[in-house]
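These notes are about the structure you will find just below.
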């Protein structure tokens, strides 16, 4: 795999505060996010002149239409004169949308492009809701998941983590405590309040051993990123953020094809691919935004990404290793757990957070930087069969 | 826009005969197509070793699942070790899937990649059928199309073509006559019989002025292409087909935003972009596979792609200019009209036809080559707001 290091940079990001946006249409959310993104470019940008292509992330079903091609976004940004393609990769839709924007620039085809993800999750809180992910309506082919909901599918992992690794409900609850603490500091987060381990354990049981407060919320949101040829980035900002590596990893979606239920092979592969491309070691990462759709998933991610060995994630978490003031802060934004998970917007919002943190513009939730390198991760899709990891840096 | 000329080649293609495949699952269709594609590589390929990434085209709703990420294809091709992303761009889904495979190679990230499109159209012949495209279920946001079906949306164009350009129902019917003639010669075509102008005009009226035989059928199918770095292509075949240009063009999806109804701006833009990238003139194209979802659309395409001026398409068609033995054969495969339109497979199957024709392997339907250059085109999505044009050549 060829390195893309030095080829591609991020010059601007924008989003809207995540939450319940019954008052905003998808159109409103996309327009507001686009405008915020354009305005964020320090030295200014002429969007109609400079932006040569775009990618739209949307999971689609919640959008009310199947063939939700890029022309919808073209109308929202007032520019039908560029190519726009919709990307769908399950829960990593946002990060894979960015990955395609990166390809577009790295291919030499376009100098400056846009990646925007948007999702309305709150308007259909019934069978098509996030909690129902994995049922026939959304999230998987019915024959794969037998109508299981997302918590039920994840509980298979959680129970094996408990059985094989000695983790407990308290371990998982500690993730919620950490992430809600960070979310409280983030003005874009859906939930801005603290929770305790007791709060989590006392919250309603959704699917044993996962309580309501182990599950990420259903959130409306949108986020966008402007990607640029690295050698042109300084025309737009003195502080571009560079893409070191981005990779999608897969696994079978059928549960009967899984090798075990304490490791997500998709994440392992995405991380290995992204680190290979970046040419850096795990220890060089200063902080990460990972996919905590459920609290147990986050603990698995520590290990699958390679920040520690299998079985070490839980103990390190309990020690505060991943706290915002710890050696390796995970989820300064609050994570999916507190920041929210509007599917196609999630990955891109995590990149927004990496951008702000790497530029030391994250206010109260600013983490300490050493190498100036951030990691972003999603995992999901039918049977958690797809993952995407993107590594960014303040240095080319 | 940088030229991709000389960077990317096609080294193998494969498909299954299009038609009604109640006896085959999506899985069966994808597997068979993949195997045919692998086998087509003249000097052989080790798929698990050589193919480094893939893209899956699928419109999705008909597939029975919303989050139909690439892991499904990974399982079908027996390789979860590579990244696979699903692309959705309305009716141009297949060609845009290929475009992203081209980006993957042109970016330097992957040497050899796969693009596969598959669609089951026949298992839901009700409200989600192709004929119902444009209704709330599929094809467009309800507020854009007010529940119109695809023939109704296209009839708006057909009536204006008649009023402004003097075209008649006979003009449109002549497209069906030509394409069915070609389809009869193509072993992969869904409909392999001739029709006359009288047959078309006597067939049931679907939406004035479009008769049943003016509409493409609902077809099951799958098609695949292997894309390779041009400088490595000769390791796989002595007769690679080179990509000269590929571009997506957009237009607003809302009908009230359209500038007129005799021209599809998405097609004009896609064609202009692809020709710019290829650095060739319209006259250099030997033959084309274009998007004849309805017969009147094909006539519009002649003009919008730039093969002739607005208003000249109909007369040239009637003269036999676009016949298989005419100066510019259009639809040697039979087109969507006779070959079929399994949405995400369509664009890729058109590229298969270009590949075979450019290698002079198209048997009874072989066209005469002069420059060895082919054009492929799709248009569709909500409000016909997205188009993709790809230009290929037997010379680098």
_Cα long-axis angle, helix B:169-185 against chain B (0 to 90 degrees, to the nearest 10)_ = 30 degrees
_Give the separation of the Cα centroids, the range A:297-335 to the range A:182-211, in Å._
17 Å
*List B:355, A:294, B:22 from most exposed to least, where exposure is judged by having the fewest other Cβ atoms within 10 Å.*
B:22, B:355, A:294
*Counting other beta carbons within 10 Å of each Cβ, put B:236, A:167, B:242 in order, fewest first.*
B:236, B:242, A:167
*Rounded to two decimals, what is Rg over Rh for the range A:263-327 when you use alpha-carbon atoms and the Kirkwood radius?*
0.94
*Output the Cα-based Rg and Dmax of the range B:264-396 in Å, rounding Rg to one decimal and Dmax to a whole number.*
13.4, 37
*Angle, helix B:343-358 long axis vs. longest principal axis of chain B, Cα atoms, 0 to 90°, nearest 10?*
70 degrees
*With 20 Å bins from zero, work out the P(r) of the protein assembly as shown over every alpha carbon pair and list the percent per bin.*
18, 52, 26, 4, 0
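Using Cβ contacts closer than 10 Å as the measure, can you line up A:254, B:18 from fewest to most?
A:254, B:18
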*Can you list, shortest first in nanometers, how far residue A:272 lies from the same residue in the other copies, with each label 7 Å from Cα toward Cβ?*
4.7
*10 Å Cβ neighbours from other chains, averaged over peptide B:251-259*: 3
*Build a GNM of chain B with springs between Cα atoms under 10 Å: which of B:218, B:357, B:31 gets the top mean-square fluctuation?*
B:31
*What relative contact order, as a whole-number percentage, does the range B:227-364 give when Cα pairs under 8 Å and 6 or more residues apart are counted?*
20 percent
*Taking only Cα atoms and a 10 Å spring cutoff, compute GNM fluctuations for chain B and point out the largest among B:165, B:56, B:265.*
B:165
*Copies compared at residue B:370 - label distances in nm, ascending, label defined 7 Å from Cα in the Cβ direction*: 6.8
*Take every residue in peptide B:88-98, count the Cβ atoms of other chains within 10 Å of its Cβ, and give the average of those counts.*
4
*Please give the helix B:150-165 orientation as an angle from the longest Cα principal axis of chain B, in degrees from 0 to 90, rounded to the nearest 10.*
60 degrees
*What would the Debye formula give as log10 I(q)/I(0) at q = 0.23 Å⁻¹ for the alpha-carbon point model of the range A:345-396, no solvent?*
-0.85
*When chain A is treated as a GNM, springs tying every alpha-carbon pair under 10 Å, which of A:256, A:55, A:356 comes out with the largest mean-square fluctuation?*
A:256
*asked:* Can you give me the distance in nm between label points at residue B:283 and residue A:27, each placed 7 Å from the Cα along the Cα-to-Cβ direction?
replied: 4.6 nm
*Count the DSSP beta bridges whose two residues both fall in the protein assembly as shown, then state the antiparallel fraction as a percent rounded to the nearest 5.*
75 percent
*Once you average over the residues of B:380-389, how many Cβ atoms of partner chains fall within 10 Å of each Cβ?*
5
*Relative contact order, percent, of chain A when contacts are C-alpha pairs under 8 Å separated by at least 6 residues?*
26 percent
*If we hang a label 7 Å off Cα along the beta carbon direction at residue A:48, how far is it from the matching labels on the other copies, in nm, shortest first?*
5.4
*Using the Kirkwood radius over Cα pairs, work out the Stokes-Einstein diffusion coefficient for chain A at 37 °C and 0.692 mPa s, in µm²/s as a whole number.*
161 µm²/s
*Separation between the residue B:196 and residue A:156 pseudo-spin-labels, each 7 Å from Cα along Cα→Cβ, expressed in nm?*
6.0 nm
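We did not get these values from a lab; they are worked out from the coordinates using the rules stated. Keep in mind that this is a model prediction, so the values were computed, not measured. With ideal geometry, Cβ positions are generated from the backbone for all residues, glycine too; neighbour counts draw on all protein chains shown.
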